[in-house]
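One structure below.
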Amino acid sequence: MTPRALGAERFVPPSEDLGRLREASETCEGCDLFRDATQTVFGTGPENARLVLVGEQPGDDEDKTGRPFTGPSGGLLDRALDQAGIDRDDAYVTNAVKHFKFAQLQEGGRRIHKKPTRGETTACRPWLIAELNAVRPELVVALGATAAQSLMGPEFRVTTQRGIVHDLEFDGLDESTSLLATVHPSSVLRLRDSERKAAFAEMLVDLRKAAEFIGAEQHH
Ligand code: URA
Ligand code: SF4
């Protein structure tokens, strides 16, 4: 019999070393998502990054590569960051939830992404907090509602509160920091061609505010 999952807390070592955290995350059983996914997809990027980007959870590609935002959403994110004058290599990139959640219609069939529940997001949050305590960024950019609500609470609405720098304080977060939310890249990808351009442009407006906030060099 398996005990009820109680969250990642007891798997997170008291460490600010990203390598140690990553290694420990590989055996996390803080919620049921570890059972069917291939591997834990921990964050990647420099430990002294001034910017942390937080997505929702790994997708099919990320589940296989073990790295965040390597699939189609990652491609769109890369283009948006580039146009906003943010070098992805300077940012620490991670997700609110570290295991892929999916439905598989038939054996060997395509794996369809499923949105994590609030319980799963809460279970995984200790990893995100540990990453933030290790990196101590100036700004966290939440990509979509799952990331934004994990850190700002369930009342947070990306539609009305995006593109604004909010104070980020959290129980367990050693140092307060700032957070700016924008839409999730996959929400832009899902739109019809006619709407996608505008949504991408709006995402760029938000990311340029993030770039301005951290004083990144703008491209001309
Ligand atoms: N979507 C996310 O939120 N994160 C990833 O890493 C990939 C897709
Ligand atoms: Fe642990 Fe997060 Fe994976 Fe759940 S999703 S098993 S809490 S790493």
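Remark: THR27, THR182, THR38 ranked as THR27, THR38, THR182, counting other beta-carbon atoms within 10 Å and listing the fewest first. Rounded to the nearest 20, the Cβ-based charge dipole of the range 42-138 about its Cα centre (Lys and Arg +1, Asp and Glu -1) stands at 440 debye. Applying a length cut-off of 30 Å (Cα extent along the axis) and a mean Kyte-Doolittle floor of -1.0 to the DSSP H helices of the chain leaves 193-213.
Taking 0.36 nm per residue of separation and subtracting the current Cα-Cα distance, fully stretching the chain between VAL165 and ASP32 would add 44.5 nm. For PHE102, the residues 5 or more places off, or on other chains, whose built amide H falls under 5 Å of its own are LYS114. Remark: the chain carries a charge dipole of roughly 840 debye about the Cα centre, counting +1 on each Lys and Arg Cβ and -1 on each Asp and Glu Cβ. The share of Cα pairs per 10 Å bin across the range 1-119, counted from zero up to the longest distance, runs 13, 41, 33, 11, 1, 0 percent. Only lysines eight or more places from LYS64 in sequence, or on another chain, were considered; those with a Cα closer than 16 Å are LYS98, LYS101. Using C-alpha pairs below 8 Å separated by at least 6 residues, the relative contact order for the range 1-83 is 21 percent. Considering the options PHE34, TYR92, GLY66, tell which one lies farthest towards the positive end of the dipole of the range 1-108, charges being +1 on Lys and Arg and -1 on Asp and Glu at the Cβ, about the Cα centre. Final value for the positive-end residue is PHE34.
Given DSSP loops and a limit of at most 10 other Cβ atoms within 10 Å, what is the longest stretch of the chain that contains no such trypsin sites (Lys or Arg not before Pro)? It works out to 111-191. Calculated mean residue ellipticity at 222 nm for the chain: -11000 deg cm²/dmol, from DSSP H runs with n ≥ 4 weighted as -39500 (n - 2.57), summed, divided by the residue count and rounded to 500.
Please label the shape of the range 3-214 as rounded, prolate or oblate, based on the square roots a ≥ b ≥ c of the eigenvalues of the alpha-carbon gyration tensor (a/c under 1.5 means rounded; beyond that, a/b larger than b/c means prolate, else oblate). Taking the square roots of the gyration eigenvalues as a ≥ b ≥ c, the range 3-214 is oblate.
Where a number appears in this text, it was derived from the coordinates with a stated rule and is not lab data. Keep in mind the model is a prediction, meaning the values are calculated, not measured. Cβ sites come from the backbone with ideal geometry, for glycine too, and all protein chains shown count toward neighbours.
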